[in-house]
Amino acid sequence: MQTVCAPGLVDRYDAIPPVIYRIMIPCSSGKITSYSEVSTGINTLTLSGVTPAVPQSIWAPNSRMLGVRQHEVIPPNPPAATDIRPAVPGQAGGGMSVLPVLLITLLPNHRIPKRNGGTGSNVDCWFSLPRDVIVLSVDLRLYFDFGDAANRIVHGVIEPGLQMSPADFSRSLSATAASWVCINF
């Protein structure tokens, strides 16, 4: 559909191929697993057949799955049947966080796996997704909402491209699972 940059930000990561990143729990052969299990004996950069873990309900229990937590997209005490809406440019977007470039310094220490120098879970894997998967989607869009001191993008979200129910948003995110590439990093 589109990529939206908050006013004043400069999208410096349009390299070919354009890619976004996220740290998530891996899933292999339909079962949730761990980085150590999927990377054993593999020296290649990408791990084939490994996808992000998808929550069993429409809401993710944490930020380590292919999905969003309710409070990330719906305000507290919402009216019944509240839909999720795309952000208005100039306001922060709500959705599933992604990085526009693989710089672990952009993450809080508790989100970086221990093997990469952080204090986070070593279960998690790094995943990348071609930006076109989201840009060409009718239901989803990329919203880059934070800038650094030079107004360059350091954070973004995959959010609904149009007003939709939480269940539809969850299904739209889950539909991207096969396109995420697990990185041995």
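Bear in mind these aren't lab numbers, they're just calculated from the coordinates by the rules spelled out. Since this is a predicted model, take the numbers as computed values, not measurements. Here the Cβ is made from the backbone with ideal geometry for all residues, glycine too, and neighbour counts use every protein chain on show.
Give the calculated FRET efficiency between Asp139 and Arg115 to the nearest 0.05, with a Förster radius of 25 Å applied to their Cβ-Cβ distance.
Values: r = 34 Å, r/R0 = 1.38.
Computed FRET efficiency for Asp139 and Arg115: 0.15.
Round to the nearest 0.05 the FRET efficiency obtained for Leu103 and Thr46 when R0 = 22 Å and r is the Cβ-Cβ distance.
Details: r = 19 Å, r/R0 = 0.87.
Once rounded, the FRET efficiency stands at 0.70.
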Open item on the list: If I model a spin label as a point 7 Å beyond the Cα along the Cα-Cβ vector, how far apart are those points for Ala81 and Ser57 in nm?
Closed with: 2.1
Task: Length added when fully stretched, Ala177-Thr33, from 0.36 nm per residue minus Cα-Cα - done: 50.3 nm
Task: Alpha carbon centroid spacing (whole Å) that separates segment 152-181 from segment 100-131 - done: 19
